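The values are calculated or read from the model by the stated rules, or taken from the named source; none is laboratory data. Predicted model only: the values in this text are computed from it and were never measured. Backbone-built Cβ (ideal geometry, glycine too); neighbour counts: all protein chains shown.
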Amino acid sequence: MKKLAKQVLFYSALVGIWALLAKLKIWPPYLFPPPWGVGHALWDGFADHSFWIGIAVTMKRMLIGYSLSVVLGMILGLAVSSSKFLEETLGGLLVSLQSLPSICWIPLAVLWFGLTEKAILFVVLMGSLLSVTIAMEDGRKQMPKIYGMAGRNLGASGFRLFWSVLLPASLPFILNGMKQGWAFAWRSLIQAEMIFLSLGLGQLLMMGRDLSDMSQVLAVMILIIILGYMVNGLIFRTMERRLQEKYGLTPA
Amino acid sequence: MSTSPQNAYSNPVPVPSNGVRANVFHGKPVASVAAFPIRPLAEVVVPKVTLDGISLSYKTTSGERLLALDNISLEVKPGEFLCIVGPSGCGKSTLLHLIAGLNPQTSGKVLVDGSPVSGPGTDRILIFQELGLFPWLTVGGNVEFGMKMKNIPKAEREEKIQYYLRLVHLSKFRNSYIHQLSGGMRQRVALARALATEPDVLLMDEPFAALDAQTRDLLHDELERLWSETGRTIIFVTHNVLEAVRLGDRVALLTFRPGRVKQEFSVSLPRPRHMEQTDVARTARDILDCLRDEINKSLEAEYADEKTR
């Protein structure tokens, strides 16, 4: 409760200073809009449904792109972690590819797929695939070997061994990578949307720029922050806490 | 603490005390023939487990070949309690892994009921030293796991979970997670999990090594009771000779690196036994005398390792 009070105080002070600076009119309002201007833009955006549509479209892309990268990343990570040859070859490539900012995939995606939904999903996929793959690989390695042996000993093999033993056993080690993958996917998606101009939050942001509407720009930025924070802070944090409780791990 | 170890558990054992406990396994009466195959006396008893000239060697990181197990041959009768004793590093855990089919041996054969083993099977369940209980499952879920893998129907699994949890006095903890339990309780979960798949052979790898003496004594009593009630064959590995004499019908002594069977001792002391009994201690002393050279070799090797490091 004390923490919440501090936070409320902090954000009110922040908005207060912002309002004060806007009131002083040091910068013209079209460059430095007051908080109520941004509030208005948020209200209008939700009232004419453009923000709702933007959020829905962006989240849909996010879900599809991220799910794809989780499934593919798990397969890749498993392959890399279970073969010495793949680890020394493909593993190295994956790590080096991770140094490539995902926005660099945009030209390639546009040439391959055109300005389509597929191109956006491709960029999201490439943005998060690598961190999921590497997380899966590390998870398999860090997971105590005993679980695999115990599983085989009790009659599990093949896919069932993977699904009911290896996957849950490495989950605490994978989760961090999954979280990172989500954060990368989120960044890639907004970047891609800013270039592709096809609905979505990124496009709303660019539209604000094109119309020189600073209030809209700030409003969308705030939306992106809140959405990103909600998924990260609420969904992943909760999963992490649940997992720690269940597995008896002390919170890091 | 005035209670003696064997009645410190106040929960009654949930089986009728008419002497046919094993025959009411899953709530349904089963013909006793199914539980205890009674063979005519004339018939030769096929050993439950036969180790036929087992050897295992592996490459160390420095590239040399190390012989871990050397030509081990042992026969274990159905329903027998065999203890394998040896100094640390004699490969006794490795031997259990081979019997469990988790690793292949370099040469020789493992036979169960006369047919060779080629991989893990639920007829032989190993209880690992580290237990390997699944932290993402509840106690009940852990006990259920092996049965699920065997595709046993839900209703039957349910009955067996209840039965085996009662057997190890953990019914109340069915929905707890592993990390919420004490060491001795975890040990009993591992036992229940292994028993629930109803293996013919139970392989136990120093299961009580990490426990305090009191808990261990209690679990000895429990294990002896479960063994006599279920008629399983048990191969129990330990470095503790006293424990081996307390539990085993027979004690096989392994040498240090490479592991060979040095000698076998049959223990015919009446049951139930206790570690404090003088005859148990005396038998243990005889075995220990025989083991002493091996322990010294093991210690010397350890010190040598330390010097070269």
Inset, instruction - Return a yes/no flag: does segment A:40-59 have any residue that is over 24 Å from residue A:187 (Cβ atoms) and touching a residue at least 60 places away in the same chain (Cβ under 8 Å). - result: yes
Inset, instruction - Could you list all residues from segment B:77-88 that are at pLDDT below 85 and buried (at least 19 other Cβ atoms within 10 Å of the Cβ)? - result: B:86, B:87
Inset, instruction - Check A:118, A:145 and return the single one that is of a type outside the set (A, V, I, L, M, F, W, C) and more than 22 Å from residue A:53 (Cα to Cα). - result: A:145
Inset, instruction - May I ask you to say which residue of B:154, B:148 is surrounded by fewer than 19 Cβ atoms within 10 Å (Cβ to Cβ) and at the interface with another protein chain (Cβ under 8 Å from one of its Cβ atoms)? - result: B:148
Inset, instruction - Would you check which residues across segment B:165-184 are in a loop (DSSP other than H, G, I, E, B) and within 14 Å of chain A (Cβ to nearest Cβ) and list them? - result: B:175, B:176, B:181, B:182
Legend entry - Residue satisfying all of: in segment B:117-130; more than 8 Å from every other protein chain (Cβ to nearest Cβ) and buried (at least 19 other Cβ atoms within 10 Å of the Cβ); farthest from the chain's Cα centre (by Cα) among these: B:117
Inset, instruction - Any chance you could count how many residues in segment A:136-162 are surrounded by fewer than 24 Cβ atoms within 10 Å (Cβ to Cβ), part of a helix (DSSP H, G or I) and either touching a helix residue (DSSP H, G or I) at 6+ places or on another chain (Cβ under 6 Å) or in contact (Cβ under 8 Å) with a residue 12 or more places away in the chain (or both)? - result: 8
Inset, instruction - Among residues belonging to segment A:214-237 that are small (Gly, Ala, Ser) and closer than 17 Å to residue A:181 by Cβ, point out the one that is nearest to the chain's Cα centre (by Cα). - result: A:228
Inset, instruction - List every residue pair whose Cβ atoms sit under 8 Å apart, with the two residues 6 or more apart in sequence or on different chains, where the first one lies in segment B:184-196 and is over 17 Å from residue A:153 (Cα atoms) and the second, anywhere, is part of a helix (DSSP H, G or I) and aromatic (Phe, Trp, Tyr). - result: B:185/B:173
Legend entry - Meets criteria (more than 8 Å from chain A (Cβ to nearest Cβ), more than 17 Å from residue B:205 (Cβ to Cβ) and more than 16 Å from the chain's Cα centre (by Cα)) for residue B:114: yes
Inset, instruction - Kindly provide the set of residues from segment B:131-145 that are touching a strand residue (DSSP E or B) at 6+ places or on another chain (Cβ under 8 Å) and either more than 10 Å from chain A (Cβ to nearest Cβ) or within 30 Å of residue B:239 (Cβ to Cβ) (or both), ordered by number. - result: B:135, B:139
Legend entry - Pair list, Cβ < 6 Å and 6+ apart or interchain, from segment B:68-92 residues that are part of a loop (DSSP other than H, G, I, E, B) to residues that are of a type in the set (A, V, I, L, M, F, W, C) and surrounded by fewer than 24 Cβ atoms within 10 Å (Cβ to Cβ): B:87/B:256; B:87/B:295; B:90/B:256; B:91/B:68
Legend entry - Single match in B:187, B:162 (criterion: more than 10 Å from chain A (Cβ to nearest Cβ) and either closer than 25 Å to residue B:271 by Cβ or in a loop (DSSP other than H, G, I, E, B) (or both)): B:187
